[in-house]
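S.K.: First the structure, which I've put down as structure tokens, then a few questions once you've had a look.
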Amino acid sequence: MAIKKRFLTLALTLALLFGVAACGASPAENGDAQADSGSTVEASITVIDQAGRSVEIAQPVERLVSGFYISSSATIALGLSDRLVGIEARADERPVYTLMKPELLSLPNVGTARDFNLEACIALYPDLVILPYRLRDAAETLTDMGIPAIVVNPESLEELVAMINLIATATQTTENANRLVAWIRDTHAAVTAESAVVADRPTVYIAGVGSHLSTAPGGMFQSDLIEMAGGINVAADLPGRGWTEISYEQLLAMNPDIIVLPSEASYSVDDILNNPTLADLTAAVNGSVYQMPYTYEAWDSPVPASMLGARWLLAVLHGNSPGDEFMRYVYEFYAEFYGFDGLG
């Protein structure tokens with residue numbers, strides 16, 4: 001990760017000195033969201049983030065920047081959308097923002113995990129910045145400047161829950177977090193109970209967004225989704241906790257029963273089925289190649305709604321088509337935590 005060093009110039013340093021001093025005094029222009037009913041706003045809260053960093057956060061948090069679509073989705077589900085003053089790039093590619101609150105699309109963006117815009121983030125006078133693990137150095141830089149920044153890294157179900165609780169503690173929205181976590185745990189329990197009684201566990205290959213030769217090893221959240229839905233991740237033995245490139249030879253040797261494309265894949269099911277190199281794969285022979293829906297957001301990612309992705313996988317992996325009951329789960333979830341239903 002390359003963070004541009006031009007912020008170290010004298011001119012910007014002087015600007016930061018004035019800007020950071022003003023951060024605590026700048027009121028949120030759209031801070032309608034409040035701490036949970038009945039809670040007492042403390043002067044500051046110290047949390048341990050998912051990079052193991054101790055971060056002190058002055059209260060209340062009224063100006064929030066999220067540099068990661070996964071943390072953005074979590075903040076919205078926690079009722080914090082009115083406190084967001086900056087968001088990750090490409091927000092217009094996230095259907096859930098348009099459906100729930102189109103105003104989010106007009107917020108200043110702070111770049112991506114690959115190209116984070118530190119100066120743009122600082123210019124928003126945030127009370128708190130939420131960044132992915134990949135940007136932990138940027139988080140440290142911001143914190144050293146007096147702008148609290150926490151790192152999130154939800155690559156398992158428990159880490160997803162921990163991320164939600166971390167953000168809720170930092171923003172004093174724990175009551176909302178308790179409801180959200182209860183829904184996640186209840187849905188997870190229901191999915192695993194249903195998958196436990198399935199006799200056959202198909203082998204599954206989940207492909208990456210940019211390439212069908214990129215896959216999720218056992219250390220990634222996507223592997224957890226496959227397992228809880230009653231499948232076996234053929235790439236589970238690969239090392240690491242990030243998307244991993246493999247060869248055609250490796251994919252042919254894995255020979256999955258089912259191939260799943262992520263919601264945001266840049267290629268199609270037909271691209272896989274019509275690829276002559278993959279013609280002999282069991283999944284291709286049986287036509288068992290599926291793409292996760294993208295009506296709302298990427299359910300294969302560790303967003304709060306990922307348990308809907310687990311329910312979708314549960315149906316698809318075991319020869320069923322997600323039907324009216326599944327859509328009821330979808331509508332109820334987005335109605336309760338995002339404020340809309342029956343859309344898409």
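S.K.: Please report the relative contact order for the stretch 168-245, taking Cα pairs under 8 Å with a sequence separation of at least 6, and give it as a percent rounded to a whole number. Display every interim value, and only then the final one.
M.R.: Numbers: 96 pairs, mean separation 21.9, N = 78.
Once divided by the residue count of the stretch 168-245, the mean separation gives 28 percent.
S.K.: Ignoring ligands, DNA and RNA, what accessible area per residue does the stretch 284-344 give at 1.4 Å, in Å²?
M.R.: Working: 2350 Å² over 61 residues.
On a per-residue basis, 39 Å².
S.K.: Placing +1 at every Lys and Arg Cβ and -1 at every Asp and Glu Cβ, with all other atoms neutral, what dipole size does the stretch 153-234 have around its Cα centre, in debye to the nearest 20? Intermediate values should be presented prior to the final figure.
M.R.: Details: 3 positive and 9 negative charges, 18 e Å.
For the stretch 153-234, the charge dipole is close to 80 debye.
S.K.: In addition: So if I place +1 on the C-beta of Lys and Arg and -1 on the C-beta of Asp and Glu, and nothing else carries charge, what would the dipole magnitude of the chain be about its Cα centre? I want it in debye, nearest 20. Show your work: numbers first, answer last.
M.R.: On the way: 18 positive and 42 negative charges, 140 e Å.
My answer is approximately 680 debye.
S.K.: Next question, about the same structure. Where both residues lie in the chain, what percent of DSSP beta bridges are antiparallel, nearest 5?
M.R.: Working: 9 of 27 bridges.
The answer is about 35 percent antiparallel.
S.K.: Take every Cα pair under 8 Å in the stretch 138-270 that's 6+ residues apart, average their separations, divide by the length, and report that relative contact order as a whole percent. Could you put the intermediate results ahead of the total?
M.R.: Numbers: 178 pairs, mean separation 30.6, N = 133.
Reported as a whole number, the value is 23 percent.
S.K.: On the principal axes of its Cα set, how long, how wide and how thick is the stretch 243-292? Give whole Å, largest value first.
M.R.: Principal axes ranked by extent give 25, 25, 17 Å for the Cα atoms.
S.K.: Report the normalised scattering of the stretch 134-293 as log10 I(q)/I(0) at q = 0.08, 0.12, 0.20 Å⁻¹, calculated by the Debye formula with identical scatterers on the alpha carbons.
M.R.: Results for the stretch 134-293 at q = 0.08, 0.12, 0.20 Å⁻¹ read -0.31, -0.65, -1.25.
S.K.: While we're here: Determine the sum of side-chain charges near Pro148: Lys and Arg each +1, Asp and Glu each -1, restricted to other residues whose C-beta is under 13 angstrom from that of Pro148.
M.R.: Working: positive: Arg53, Arg63; negative: Asp49, Glu56, Glu62, Asp127, Glu140, Asp144.
Around Pro148, the surrounding residues sum to -4.
S.K.: Turning to a different aspect of this structure: With a bin width of 20 angstrom, please list the P(r) values of the chain as percents of all Cα-Cα pairs, from the 0 bin to the one holding the largest distance.
M.R.: 30, 54, 15, 0
S.K.: What percent do you get for the relative contact order of the chain when only Cα pairs under 8 Å and 6+ apart count? It would help to have the intermediate numbers written out before the result.
M.R.: Numbers: 618 pairs, mean separation 54.4, N = 344.
For the chain, the relative contact order is 16 percent.
S.K.: Please report, to one decimal in angstroms, the Kirkwood hydrodynamic radius of the stretch 131-178 built from all distinct Cα-Cα pairs.
M.R.: On the way: mean 1/r = 0.0878 Å⁻¹.
11.4 Å is the Kirkwood radius here.
S.K.: Can you give the net charge of the other residues whose Cβ lies under 13 Å from the Cβ of Leu278, counting K and R as +1 and D and E as -1? Walk me through the numbers on the way to the answer.
M.R.: Working: positive: none; negative: Glu249, Asp270, Asp271, Asp280.
Residues close to Leu278 contribute a combined charge of -4.
S.K.: Here is a follow-up. State the antiparallel share, in %, of DSSP beta bridges confined to the stretch 138-278, rounding to the nearest 5. Let's see the in-between values first.
M.R.: Working: 3 of 8 bridges.
In the stretch 138-278, approximately 40 percent of DSSP beta bridges are antiparallel ones.
S.K.: Same structure, new question: Report the net charge of residues surrounding Asp49, where surrounding means a beta-carbon distance below 12 angstrom and charges are Lys +1, Arg +1, Asp -1, Glu -1. Let's see the in-between values first.
M.R.: Values: positive: Arg53, Arg136; negative: Glu56, Glu140, Glu159.
The answer is -1.
S.K.: Okay, next question. Which order do the peptides 307-314, 230-237, 186-193, 262-269 come out in when sorted by mean C-beta neighbours inside 10 angstrom, highest first? Intermediate results must be reported in sequence, preceding the final value.
M.R.: Details: 307-314: 24.9, 230-237: 20.5, 186-193: 15.1, 262-269: 16.6.
Ranking, from highest mean packing down: 307-314, 230-237, 262-269, 186-193.
S.K.: Further question on the same structure: Would you list the P(r) distribution for the stretch 248-344, with all Cα-Cα distances sorted into 10 Å bins from 0 and each bin expressed as a whole %?
M.R.: P(r) for the stretch 248-344, in whole percents per bin: 15, 42, 29, 12, 3.
S.K.: On to the next question. Starting from the exponent 0.38 and prefactor 2.2 Å, build the expected Rg for the stretch 79-127 from its residue count and divide its actual Cα Rg by it.
M.R.: On the way: Rg = 10.9 Å, N = 49, 2.2 N^0.38 = 9.7 Å.
After normalising by residue count via 2.2 N^0.38 Å, the value is 1.13.
The values are calculated or read from the model by the stated rules, or taken from the named source; none is laboratory data. Computed from a predicted structure; not experimentally measured. Virtual Cβ from ideal backbone geometry, glycine too; neighbours counted across all protein chains shown. Accessible surface is based on the protein model in full, side chains and every heavy atom, while ligands, DNA and RNA are left aside. Shrake-Rupley method; radii C 1.70, N 1.55, O 1.52, S 1.80 Å.
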